[in-house]
Amino acid sequence: MKDISITELLPQRPPFILVDRLTHYSRGGGKTVYMVREGSPFCTNGRMEETGLIENIAQTCAARMGYEEKTEAHRDGNIKIGFVGMIKHMEIFRNPLVGEQLETTVIIREDVFSTSLVETKVEIGGELIAACDMKIFLTDMHSQDYENK
């Protein structure tokens, strides 16, 4: 895997980036890590909120897609903007604490045109803390178009 800065893979910008590094990429999925930080807009009283976990999962999907856009020969290298179209079977077993490292895995179950159905899980040291199915829609808009508006 090529070492590409997470800011090149995601349209989000600090302080809203909830992925530190893409650690695995394949056509069938991806994996990221993220250290939960004090001061994050998604943390309250030393814990990451549920919305932060959902955003971390969505950004893991985006980082995987961004990596594909940057490295696949048939791609133009421009990162497409996507959005969450559905969350199904969401289970949150506990909220992570500041200082804990999330390991988030996405597995592509279906990929049709600009829509992906993914199965996800978030772990801390092998402990499953959250899981869901998510549907992601890609738009024709690219991150540099978004930044220029």
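The values are calculated or read from the model by the stated rules, or taken from the named source; none is laboratory data. Worth saying up front: this structure is predicted, and the values here are computed from it rather than measured. Glycine also receives a Cβ, built like all others from the backbone with ideal geometry; neighbour counts cover every protein chain displayed. Just so you know, the surface numbers come from the protein's heavy atoms only, side chains and all, with ligands and any DNA or RNA stripped out. Shrake-Rupley method; radii C 1.70, N 1.55, O 1.52, S 1.80 Å.
One table, with the values for the structure above:
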| read-out | value |
| --- | --- |
| Matching residues, segment 5-35, being in a loop (DSSP other than H, G, I, E, B), open to solvent by 40 Å² or more (accessible area, probe 1.4 Å) and among the hydrophobic types (A, V, I, L, M, F, W, C) | PHE16 |
| Odd one out for GLY82 among (1) of a type outside the set (A, V, I, L, M); (2) within 12 Å of the chain's Cα centre (by Cα); (3) modelled with pLDDT of 95 or more | (3) |
| Strands (runs of 3 or more DSSP E) lying entirely in segment 40-149 (those with 3 or more residues that are surrounded by fewer than 13 Cβ atoms within 10 Å (Cβ to Cβ)) | 80-92, 127-142 |
| Which numbered condition THR104 fails, given (1) more than 19 Å from LEU18 (Cα to Cα); (2) touching a residue at least 60 places away in the same chain (Cβ under 8 Å) | (1) |
| Close pairs (7 angstrom Cβ cut-off, 6 or more residues apart or separate chains): touching a residue at least 12 places away in the same chain (Cβ under 8 Å) in segment 79-91, hydroxyl-bearing (Ser, Thr, Tyr) and open to solvent by less than 80 Å² (accessible area, probe 1.4 Å) anywhere | ILE79/SER143; LYS80/THR139; ILE81/THR139; ILE81/SER143; GLY82/THR139 |
